[in-house]
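One structure below.
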Amino acid sequence: MVDSYQCECLESLRSFAKIVDDGGVVIYPTDTVYGIGCDATNENSIIRLYQIKNRPLNKSLPILTHSVEEVDKIAIITPLAKELFKLFWPGQLTIVLKVKALSRLSKYTLNLANNSVAIRIPDDMCIQELIKMTRSKLLIGTSANFSNSPSSRRFIEIDPKLFTKCDAVLTKETLMESKGESTIVDISNETNPQIIRLGSLSKDKIVKVLNLN
């Protein structure tokens with residue numbers, strides 16, 4: 001059985017963060033669906049994550065972090081990005097931004113066609129604290145499922161086979177009511193912002209900000 005750690009215990013959370021720092025692949029709760037991830041700068045761990053999920057290598061991985069200051073270290077923050085941050089972060093909106101030239105991110109987190117990255121600050125103190133405790137302050141944030149299988153809003157919905165392939169799982173006594181996966185908007189080209197995926201944040205809440213019809 002995979003080792004289990006608890007959000008409510010600080011020492012347990014630190015131990016879980018060390019597993020991430022040491023290259024582990026882990027399962028954890030978020031404010032959307034359960035996630036599976038690893039250090040977003042560790043390519044060996046990321047390749048293993050692809051293998052676990054049976055995810056195509058040409059499908060880039062999104063990132064979670066804990067603050068706008070961390071986002072600023074890796075991505076270009078435009079006025080439109082700042083407006084979205086103010087309205088929807090922390091929260092259930094993933095934003096695609098242009099990457100800075102000296103970004104330390106793995107190539108597997110990047111859309112190489114336009115040099116962009118999908119990033120989010122989750123509205124969950126446990127995950128924010130976990131990310132703060134990690135060395136890179138950047139956590140891969142893909143859903144805890146095998147590719148082409150449904151994502152899991154609840155712990156009991158996660159495929160048990162996934163646990164056998166990972167190094168640790170983080171649990172939480174009380175979870176926020178999940179409304180599903182995050183909504184994704186791409187503002188890497190500000191003259192042509194796009195909604196890439198409709199998720200738990202409704203379209204009505206963001207079309208006005210993006211100036212879409």
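The values are calculated or read from the model by the stated rules, or taken from the named source; none is laboratory data. Not measured: the values here are computed from a predicted model. Glycine also receives a Cβ, built like all others from the backbone with ideal geometry; neighbour counts cover every protein chain displayed.
Inspection of segment 170-181 finds no residue satisfying the criterion of being without any contact (Cβ under 8 Å) to a residue 24 or more places away in the chain and part of a helix (DSSP H, G or I).
Listed residues Ser188, Ser143, Ser136, Ser200; which is more than 25 Å from Ala17 (Cα to Cα) and at pLDDT 95 or above? From the options Ser188, Ser143, Ser136, Ser200, the qualifying one is Ser188.
The rows are residues; the columns are (1) surrounded by 23 or more Cβ atoms within 10 Å (Cβ to Cβ); (2) charged (D, E, K, R); (3) in contact with a helix residue (DSSP H, G or I) (Cβ under 7 Å, 6 or more places away or on another chain).
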{"site": "Ile52", "(1), (2), (3)": "no, no, yes"}
{"site": "Leu57", "(1), (2), (3)": "no, no, yes"}
{"site": "Ile63", "(1), (2), (3)": "yes, no, yes"}
{"site": "Pro79", "(1), (2), (3)": "no, no, no"}
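Checked against (1) over 15 Å from Tyr108 (Cβ atoms); (2) crowded, with 22+ Cβ neighbours inside 10 Å, Ala40 passes all but a single condition, namely (1). I'd like to check something: does segment 21-35 contain any residue that is charged (D, E, K, R) and crowded, with 21+ Cβ neighbours inside 10 Å? Yes. Only residues that are part of a loop (DSSP other than H, G, I, E, B) and touching a residue at least 24 places away in the same chain (Cβ under 8 Å) were counted across segment 182-193, and they come to 6. Can you find a residue that is assigned to a helix (DSSP H, G or I), farther than 20 Å from Ser147 by Cα, more than 13 Å from the chain's Cα centre (by Cα) and polar (S, T, N, Q) anywhere in segment 11-25? Yes, segment 11-25 contains a residue that is assigned to a helix (DSSP H, G or I), farther than 20 Å from Ser147 by Cα, more than 13 Å from the chain's Cα centre (by Cα) and polar (S, T, N, Q). Answer yes or no as to whether Arg48 is part of a loop (DSSP other than H, G, I, E, B) and closer than 15 Å to Ile140 by Cβ. Spelling it out, it is not the case that Arg48 is part of a loop (DSSP other than H, G, I, E, B) and closer than 15 Å to Ile140 by Cβ. Can you say whether Ser149 is part of a loop (DSSP other than H, G, I, E, B) and surrounded by 15 or more Cβ atoms within 10 Å (Cβ to Cβ), as far as the supplied structure shows? Here the answer is no, as Ser149 does not meet what is asked.
Does at least one position in segment 123-133 carry a residue that is closer than 27 Å to Val207 by Cβ and crowded, with 20+ Cβ neighbours inside 10 Å? Can you show your working first?
So the first thing to find is which residues in segment 123-133 are closer than 27 Å to Val207 by Cβ, and the list is 123-124.
Within this subset, residues satisfying the condition of being crowded, with 20+ Cβ neighbours inside 10 Å are 124.
Yes.
No other residue among Ile156, Ile196 is touching a strand residue (DSSP E or B) at 6+ places or on another chain (Cβ under 9 Å) and of a type outside the set (Gly, Ala, Ser) apart from Ile196.
Report, by residue number, each residue of segment 82-134 that is outside any loop (DSSP other than H, G, I, E, B) and of a type in the set (Phe, Trp, Tyr). Steps first, answer last, please.
So in segment 82-134, the residues outside any loop (DSSP other than H, G, I, E, B) come out as 82-88, 93-99, 107-111, 116-120, 125-133.
Across segment 82-134, the qualifying residues are Phe85, Phe88, Tyr108.
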